[in-house]
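Participant: Mind looking over this structure? Questions follow.
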Amino acid sequence: MFQLTLVRFREFIREPEAVFWTFVFPILLAAGLGLAFRQRGPENVQIGVVGSAATATAVIDALKKDSTLIVQTYDDSAAALALRTGKIALLVVPASARDSIRYVYDRDRSEAVNARVLVDRAVQIGAGRTDPVRASETYVTEAGSRYIDFLVPGLLGMNLMGSSIWGIAFSIVTARSKKLLKRLMATPMSRSQYLLSFLASRLVFLILEVVTLLGFGYWAFGVPLRGSLVTLFLIALIGAVSFGGLGLLAASRARTTEAVSGIANFMMLPMWIFSGVFFSSSNFPQVVQPFVKALPLTAVNDALRANMLEGASFAAVTPQLLIILAWGVVTFFAALKLFRWR
Amino acid sequence: MLLPSVHDTNSGPMVTALDKSTPALRVQGLRKAYDDVVAVDGLDLEVDAGECFGLLGPNGAGKTTTIEICEGLLPADSGSVEILGRRWESDADDLRQLLGIQLQETQLSEKLTVDETLRLFQSFYRDARDVGEVIDQVELGEKRHSRVGGLSGGQKQRLAVACALVGNPQLLFLDEPTTGLDPVSRRQMWDLIAKFQAEGKTILVTTHYMEEAERLCDRVAIVDHGHVIALGSPSELIESIDMSHLPPPEPRKTSATLEDVFVSLTGRTLRGE
């Protein structure tokens, strides 16, 4: 068993592409997406003002007092074009009288609605409104609710799944297609030990994967690790081993690497989309939620997020862990039964 | 000549001492068909302990199928196989400990080194040999820590034989051990096999090279279309044919060869298929 597991290590480490996809790629992905979707300060809002009316100048001055508003002056026809192409979020049309004004905007766009509130406030204050209640502002940035915080556990889950399924499935099918499996069958080697050695080697690699990805998230983006680290590792462990079961199942009968690629993709694609890796799985309609929740990757991601972002205890993530374990056990025994050894 | 297992007293079933009259391998009435092709059709064989026995025949004669059934890799449709007094149906675990095999197209994991590969195989056997010793025996000492992917064809075959040997087997099955090798590697392999014979191991070799069969084997069974058409030592077989039925000998031949035996029996050449 020891020798078998040792062989699994060596085969993995000596394959440079495998090392890249498992360790480097998730980091690059996290860095790229984290940067792209980072929190920026309050966004500036583009406003257009039709400059033909006499009151326009006063309105523009009032608007400029709000520094988040960026004001552009247009004539009628250019204004319509700017609105339509989205260059401005809202168009202000000052009237000839000082006490009325018109706003033109798309109510379905959240930034237009936001713009209307800001613009109206600026206009009203500029015309002399005073607020009876004096408000002061305290700004807070809580790590844990940013996109990067949502993303990193999802990427970890995806990574655990990918390296389990690809690594194991490829390795086995290559051995089968080369007749190495057949050669091993002629020895006293235990079949279940052969399969278990794949799961055992996953155990060790998983520690490296978790540390690398979460370490990077923590160091580069301050992604929080609020829950118990032991529970976190346990979640990752159970996840990796269970995905290993899926990998064994995928490899159980395929004779060529092309065939197993197809099977592996078939298994993973639905989970990449539905399991809440890049965006929350609750975005999907209620009807499919039971299906989504039953997927192993969903359970892993939910458990990881609960632990990292909310500090959930082991007891709190037990339902997810049970789902993951169930998948692992069922797929392992199915693989053992279906396995084509020749 | 070879009394197996008397020193292996660590488990009951292995202490079956065979007397010299029990053949190391006995095959009776073996039959195996794939879909509509009958690969093995009523094949009988007996290999005595300590001899080097050859299965000679053209491609498609059923040699590989026969040897794989004997190795426990394929089930037979009918007939019996008895190895060292045991059968696959009841003593599979024991048999795997006692046999060493080399497949026809073995491809070992390219990323492991010679040493690592042998250590893996060694770990499967209760009574294994030292890895270094086996490596020296197959003359791969220089390449001990080289990756399998970097070995030449001949070296890979020697490694495959080493994998067969590391478990200290009593019976060796070699399926076409020199097919695809250059003449030098082929000779090296023959020397290696001769060494095992000298140690008293029982060996079953399949081949379609008659020179190989003549050179290595104590006895040869000529196989065609799934059954044995002639059996005996190479010299016996050659003496038994009536030279007058043969076509005129080729210029360089001065005496008959096993190829001629084959031709006289079947009217075809070994290489003609």
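Participant: Efficiency by 1/(1 + (r/R0)^6): what FRET value for residue B:22 and residue B:182, r their Cβ-Cβ distance, R0 = 30 Å, to the nearest 0.05?
Facilitator: Numbers: r = 40 Å, r/R0 = 1.32.
Taking R0 as 30 Å, the efficiency between residue B:22 and residue B:182 is 0.15.
Participant: Can you work out the PRE-style zone for residue A:113? Point 7 Å along Cα to Cβ, and I want the residues of region A:90-107 with backbone N under 11 Å.
Facilitator: A:107
Participant: If neighbour count is taken as other Cβ atoms inside 10 Å, put A:21, A:166, A:219 in order from fewest to most.
Facilitator: Least to most surrounded, the residues fall as A:219, A:21, A:166.
Participant: Determine the shielding of peptide B:121-134 by partner chains: average, over its residues, the number of Cβ atoms on other chains within 10 angstrom of each Cβ.
Facilitator: Across the residues of B:121-134, the mean count of other-chain Cβ atoms within 10 Å is 2.
Participant: Report the gain in length on full extension from residue B:115 to residue B:265: 0.36 nm times residue separation, minus Cα-Cα distance, nm rounded to one decimal.
Facilitator: Result: 49.4 nm gained on full extension.
Participant: If each residue of separation counts as 0.36 nm, what is the full-extension length gain between residue A:52 and residue A:130 once their alpha-carbon separation is subtracted?
Facilitator: Gain in length upon complete extension: 25.3 nm.
Participant: Given DSSP loops and a limit of at most 12 other Cβ atoms within 10 Å, what is the longest stretch of chain A that contains no such GluC sites (Glu not before Pro)?
Facilitator: By the stated rule (loop sites, at most 12 other Cβ atoms within 10 Å), A:143-342.
Participant: What does the highest-first list of B:25-38, B:159-172 look like by mean Cβ count within 10 Å?
Facilitator: Sorting B:25-38, B:159-172 by mean packing, highest first, produces B:159-172, B:25-38.
Participant: On to the next question. Out of the DSSP beta bridges found with both residues in the protein assembly as shown, what percent are antiparallel (nearest 5)?
Facilitator: That works out to approximately 50 percent antiparallel.
Participant: Among the aspartates and glutamates, select those whose C-alpha is under 13 Å from the C-alpha of residue A:64, and discard any that sit fewer than 8 residues away in the same chain.
Facilitator: Correct list for residue A:64: A:120.
Participant: Still on this structure, I have one more. If you count the DSSP beta bridges with both ends in region A:45-126, what percent of them are antiparallel, to the nearest 5?
Facilitator: In region A:45-126, approximately 35 percent of DSSP beta bridges are antiparallel ones.
Participant: Quick check: residue separation of residue A:192 and residue A:76 times 0.36 nm, minus the Cα distance between them. What number comes out in nm?
Facilitator: Roughly 34.0 nm would be gained on extension.
Participant: Give me the percent relative contact order of region A:45-126, please, defined on Cα pairs under 8 angstrom at least 6 residues apart.
Facilitator: 36 percent.
Participant: Let me ask something else. With the Cα gyration tensor of region A:45-126 in hand, give its eigenvalues times 5 under a square root as the equivalent ellipsoid semi-axes, listed largest first in whole angstrom.
Facilitator: Here the semi-axes work out to 17, 15, 11 Å.
Participant: How far apart, in nanometres, would the label points at residue B:198 and residue A:106 be if each is projected 7 angstrom from Cα along the Cα-to-Cβ direction?
Facilitator: 9.0
Participant: Which of A:47, A:297, A:181 sits closest to the plus end of the dipole of chain A, meaning its Cα is farthest towards the positive end, when Lys and Arg get +1 and Asp and Glu get -1 on the C-beta?
Facilitator: The Cα lying farthest towards the positive end belongs to A:181.
Participant: Next question, about the same structure. For region A:141-246, what is the charge dipole size about the Cα centre, in debye to the nearest 20, if Lys and Arg each add +1 at the Cβ and Asp and Glu each add -1 at the Cβ?
Facilitator: With only Lys, Arg, Asp and Glu charged at Cβ, the dipole is about 780 debye.
Participant: With the cut-off at 1.5 for a/c, could you classify chain A from its C-alpha gyration tensor as rounded, prolate or oblate?
Facilitator: prolate
Participant: About its Cα centre, how strong a charge dipole does the protein assembly as shown have in debye, to the nearest 20, once Lys and Arg get +1 and Asp and Glu get -1 at the Cβ?
Facilitator: 2680
Participant: Listing A:330, A:133 from the residue with the fewest other Cβ atoms within 10 Å to the one with the most, what is the order?
Facilitator: Numbers: A:330 14, A:133 4.
Listed from fewest to most nearby Cβ atoms, that is A:133, A:330.
Participant: Can you tell me the dipole magnitude for region B:22-265 around its Cα centre, using point charges on the Cβ only (Lys, Arg +1; Asp, Glu -1), in Debye to the nearest 20?
Facilitator: Details: 24 positive and 41 negative charges, 145 e Å.
Here the size comes out at about 700 debye.
Participant: A further question on this structure: At a 10 Å Cβ-Cβ cut-off, how would you order B:151, A:249, fewest neighbours first?
Facilitator: Ranking B:151, A:249 by Cβ neighbours within 10 Å, fewest first, gives B:151, A:249.
Participant: Can you give the FRET efficiency to the nearest 0.05 for residue A:96 and residue A:294, using r as the Cβ-Cβ distance and R₀ = 56 Å? Mind showing how you got there, number by number?
Facilitator: Values: r = 64 Å, r/R0 = 1.15.
The value I calculate is 0.30.
Participant: Please give the helix A:257-274 orientation as an angle from the longest Cα principal axis of chain A, in degrees from 0 to 90, rounded to the nearest 10.
Facilitator: Helix A:257-274 and the main axis of chain A meet at about 40 degrees.
Participant: Mind jotting down the distance between the C-alpha centroids of region A:109-157 and region A:239-310, whole Å?
Facilitator: 35
Participant: May I have the extent of the alpha carbons of region A:139-253 along their three principal axes, as whole Å values ordered from largest to smallest?
Facilitator: That gives 69, 23, 19 Å along the principal axes, largest extent first.
Participant: Residue farthest toward the positive end of the dipole of the protein assembly as shown, with Cβ of Lys/Arg at +1 and Asp/Glu at -1: which of B:160, A:267, B:101?
Facilitator: My answer, from the dipole projection, is A:267.
Participant: Can you pull the semi-axes for the protein assembly as shown, root of five times each eigenvalue of the Cα gyration tensor, sorted largest first, whole Å? All intermediate terms of the calculation are to be shown ahead of the outcome.
Facilitator: On the way: eigenvalues 1200, 135, 80 Å².
Ellipsoid semi-axes (Å, largest first): 77, 26, 20.
Participant: In addition: Across peptide A:259-269, what mean number of C-beta atoms from other chains lies inside 10 Å of a residue's C-beta? Walk me through the numbers on the way to the answer.
Facilitator: Values: counts 0, 0, 0, 0, 0, 0, 0, 0, 0, 0, 0.
Taking all residues of A:259-269 together, the mean is 0.
Participant: To the nearest 0.05, what FRET efficiency results for residue A:120 and residue A:85 with a Förster distance of 22 Å applied to their C-beta separation?
Facilitator: 0.40
Participant: Go ahead and estimate [θ] at 222 nm for the protein assembly as shown from helices alone: -39,500 (n - 2.57) per DSSP H run with n ≥ 4, summed, over the residue count, rounded to 500.
Facilitator: -15500 deg cm²/dmol
Participant: Lys/Arg Cβ at +1, Asp/Glu Cβ at -1, dipole of chain A taken about the Cα centre: which of A:78, A:139, A:208 is farthest positive-ward?
Facilitator: Looking along the dipole axis, the top candidate is A:208.
Participant: Taking the Cα centre of each part, how many Å lie between region A:317-335 and region A:47-104?
Facilitator: 60
Readers should treat all values here as calculations from the given coordinates under stated rules, not as data from a laboratory. Keep in mind the model is a prediction, meaning the values are calculated, not measured. Neighbour counts are summed over all protein chains in view; Cβ atoms, including those assigned to glycine, are modelled from backbone coordinates with ideal geometry.
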